[in-house]
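Asks: What follows is a structure written as structure tokens; I'll ask about it next.
Coordinate-derived values only; no laboratory data. Nothing here was measured: the structure is a model prediction, and the numbers come from that model. Positions of Cβ are backbone-derived with ideal geometry, glycine not excepted, and every protein chain shown enters the neighbour counts.
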Amino acid sequence: MKPTRAILVACALLASACVHAEKTRIEFWTMSLKPKFDGYFQKLEQEYERANPNVDIVWVDHPWDKIQARLLGAIAISQPPALVNLNVEWAYDLAQRHDILPLNSLLGADRDRYMPGALADVTFDGKTYAFPWYNGVSVLAVNTELFQKAGLDPKKPLKTLDEQLAAARVIKEKTGVAGFAPELGLPVRIFLAEGLPLTQNRQAVFNSPRHVALLEKYAAAYRDGALPREKGLLFAEDNFQAAIGAYNTGKLAMLETAPTALGRVKDEGKAVYGKTDVLPAPQGPTGVVKGGWLFNFAVPRGVNPKALPEVAKFAKFLTNDANQLGFSKATGGTYPSVRQAALDPFFQQLPANAGAVEKARAIGARNLANVRTLTLLGIDDPEPLYRKLREEVESAVTGRKSAKAALDAATAFWNAKLAGAR
């Protein structure tokens, strides 16, 4: 009997080892989320492995400024992770290099769980290259006291840029305070938000009559004092700090920003916060909602094809409604890219004493369907192009050049650079 028992035990151990060896290893990379979100991801790992004992989940976090180089190195030696966390710009570049896989077949019917704007952000040439994850959105904070002094209804949404500029003019005329500080230091977003393209067939096209007309609107508002005159408030590449400082001290009537910024208004501009209400941010003619910066999970080239169904299953778990909602709660400031999570009471139910922070979170959630990441894709070293366009936009808005001459100069510069890069 003893030899028989020994044989049985040995067989059981061998079988156990075989089962362990047959586990599918899914390594997924994120960027700059350790150690703050250790608990969140450890819980997900444990939950998934309990439900899927044939899978071994391995989470690896990399600094955001090193993850791209490390990914390309891993692909080069055929040892990529199963999933990698990217932004839209990086996903596009890697898709063009064929370093990440199209996922249309892996998404299947589950693609309908995601917001259409989020899917559009990671769909290039008709192929979807990533599972959408977390996102952002803009809202419009308004100083109700200044609106009422100007005879405007602070609860009436400003649906378009034209309505926003008109309100800014009235506020300046009636109160002496500038209306708002658009991101004129990021003219790429200004044009894209209004549905105006920047390039077509590797040629700059932003000197069209429609682009010129848009820039002339800003120039006219600047002349009228509806926009602030301080350079840092209008033409800095990042004008957030200057804009929120001006709003907190009553020097701006409107602040277009992420909902989380209202927390700073509450802490640093208590008097203004008490007068603040929140509206949806104005949309362009295409219905695009501003403020998006979508993060996603892509599947790198070189992942074992036999593992792809398990990889897709885990990616859908990572980005499902429950887990995206959990991540939004953990961050306190991100939004989900899936439909049902945005309907959760966390976003939609306001407490009786709701202030601007709670209102902003709810308004942002109601406008997620068409949030887009407004950025220029497929351009190597875009900073010189951005800088030239920013300089020419400033010269037009401040009256040193006509809008047509400024955009002609920027277009010529871009096309010379783009031709040289071919």
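Asks: To the nearest 500 deg cm²/dmol, what mean residue ellipticity at 222 nm is calculated for the chain from DSSP H runs of n ≥ 4 alone, each contributing -39,500 (n - 2.57), summed and divided by the residues?
Replies: That comes out to -14000 deg cm²/dmol.
Asks: Sticking with this one: Amide H to amide H under 5 Å from Leu252: which residues, 5+ apart in sequence or cross-chain, H placed 1.01 Å off N in plane?
Replies: Under 5 Å from the amide H of Leu252 lie the amide H atoms of Tyr247, each far enough along the sequence or on another chain.
Asks: Follow-up question, since we're still on this one. Leu343 versus Asp380, label points 7 Å from Cα toward the beta carbon: distance in nm?
Replies: In this crude label model, Leu343 to Asp380 measures out at 4.7 nm.
Asks: Right, here's the next one. In nm, what is the difference between 0.36 nm times the number of residues separating Arg387 and Asn415 and their Cα-Cα distance?
Replies: Fully extending the segment from Arg387 to Asn415 adds 8.7 nm.
Asks: For Arg400 and Ser78, calculate 0.36 nm times their separation in residues minus their Cα-Cα distance, and state this gained length in nm to one decimal.
Replies: Extending this stretch completely gives an extra 110.4 nm.
Asks: Around Gly302, what is the net charge, scoring Lys/Arg as +1 and Asp/Glu as -1 over all other residues with Cβ under 15 Å from its Cβ?
Replies: Its environment carries a net charge of +3.
Asks: Cβ neighbours within 10 Å, averaged per peptide: list 264-277, 121-134 in order, most packed at the top.
Replies: 121-134, 264-277
Asks: Convex hull volume of the Cα atoms in the range 118-161, per residue, in Å³?
Replies: Hull volume over Cα atoms, normalised by residue count, gives 103 Å³.
Asks: I would also like to ask the following. Need the full-extension length gain, Asp65 to Lys127, defined as separation in residues times 0.36 nm minus the C-alpha distance. One decimal, nm.
Replies: That pair, Asp65 and Lys127, stretches by 19.6 nm at full extension.
Asks: Listed highest first by mean packing, meaning other Cβ atoms within 10 Å per residue, what order do 53-66, 208-221 come in?
Replies: The peptides rank, most packed first, as 208-221, 53-66.
Asks: Still on this structure: Less than 14 Å from a label point 7 Å out along the Cα-to-Cβ axis of Glu230: which backbone N atoms in the range 175-199 qualify, by residue?
Replies: The answer is 177-182, whose backbone nitrogens lie closer than 14 Å to the label point.
Asks: Further question: What residues qualify as long-range amide H neighbours of Arg372, i.e. H under 5 Å apart, gap of 5 or more or another chain, H built at 1.01 Å from N?
Replies: Val289, Gly292
Asks: In whole Hz and in residue order, list the ³J(HN,Hα) couplings for the range 343-359 that follow from phi through the Karplus curve 6.51 cos²θ - 1.76 cosθ + 1.60, θ = phi - 60°; x for Gly and Pro.
Replies: Ordered by residue, 3J(HN,Hα) equals 8, 5, x, 3, 8, 9, 8, 9, x, 4, 9, 4, x, 4, 4, 5, 5 Hz.
Asks: Past the 32 Å Cα-Cα mark, which pairs from Lys66/Lys159; Lys270/Lys329; Lys127/Lys417; Lys174/Lys231?
Replies: Exceeds cut-off: Lys66/Lys159.
Asks: So, one more: Taking 7 Å along the Cα-to-C-beta vector as the label spot, tell me the Phe240-Arg25 distance in nanometres, rounded to one decimal.
Replies: So the label points at Phe240 and Arg25 sit 3.8 nm apart.
Asks: Follow-up. Does the range 57-193 come out rounded, prolate or oblate, given a ≥ b ≥ c as the square roots of the eigenvalues of its C-alpha gyration tensor, rounded meaning a/c under 1.5 and, failing that, prolate meaning a/b above b/c?
Replies: Since a/c reaches 1.5 and a/b is larger than b/c, the shape of the range 57-193 is classed as prolate.
Asks: Kindly write out, for the range 173-183 in residue order, the coupling ³J(HN,Hα) from the Karplus curve 6.51 cos²θ - 1.76 cosθ + 1.60 (θ = phi - 60°), rounded to whole Hz, with x marking Gly and Pro.
Replies: My calculation for the range 173-183 gives 5, 8, 10, x, 9, 5, x, 7, 10, x, 7 Hz in order.
Asks: Return the whole-Å distance between the Cα centroid of the range 86-134 and the Cα centroid of the range 203-278.
Replies: Measuring centre to centre over Cα atoms gives 32 Å.
Asks: Mind giving me the FRET efficiency for Ala352 and Ser208? R0 is 45 Å, r the Cβ-Cβ distance, nearest 0.05 is fine.
Replies: 0.35
Asks: Here's another thing I want to ask about it. Given points 7 Å out from each Cα along the Cα-Cβ axis, report the Lys174 to Arg301 separation in nanometres with one decimal.
Replies: About 6.0 nm, to one decimal.
Asks: Which entry in (i) 4, 19, 27, 23, 15, 6, 2, 2, 1, 0, 0; (ii) 4, 17, 21, 19, 18, 13, 6, 1, 0; (iii) 5, 21, 31, 24, 13, 6, 1 is this structure's computed P(r) over Cα pairs in 10 Å bins from 0, in percent?
Replies: Among (i) 4, 19, 27, 23, 15, 6, 2, 2, 1, 0, 0; (ii) 4, 17, 21, 19, 18, 13, 6, 1, 0; (iii) 5, 21, 31, 24, 13, 6, 1, the one calculated here is (i).
Asks: Decide, for the range 219-299, between rounded, prolate and oblate: order the square roots of the alpha carbon gyration tensor eigenvalues as a ≥ b ≥ c, take rounded if a/c falls under 1.5, and otherwise choose prolate if a/b is larger than b/c, else oblate.
Replies: Note, shape of the range 219-299 comes out oblate.
Asks: Mind listing the phi-derived Karplus ³J(HN,Hα) values for the range 146-156, rounded to whole Hz, using 6.51, -1.76 and 1.60 with θ = phi - 60°, and x for any glycine or proline?
Replies: 5, 4, 5, 4, 8, x, 9, 8, x, 9, 8
Asks: Arrange the peptides 375-382, 170-177 so that the one whose residues have, on average, the most other Cβ atoms within 10 Å appears first.
Replies: Result, highest mean Cβ count within 10 Å first: 170-177, 375-382.
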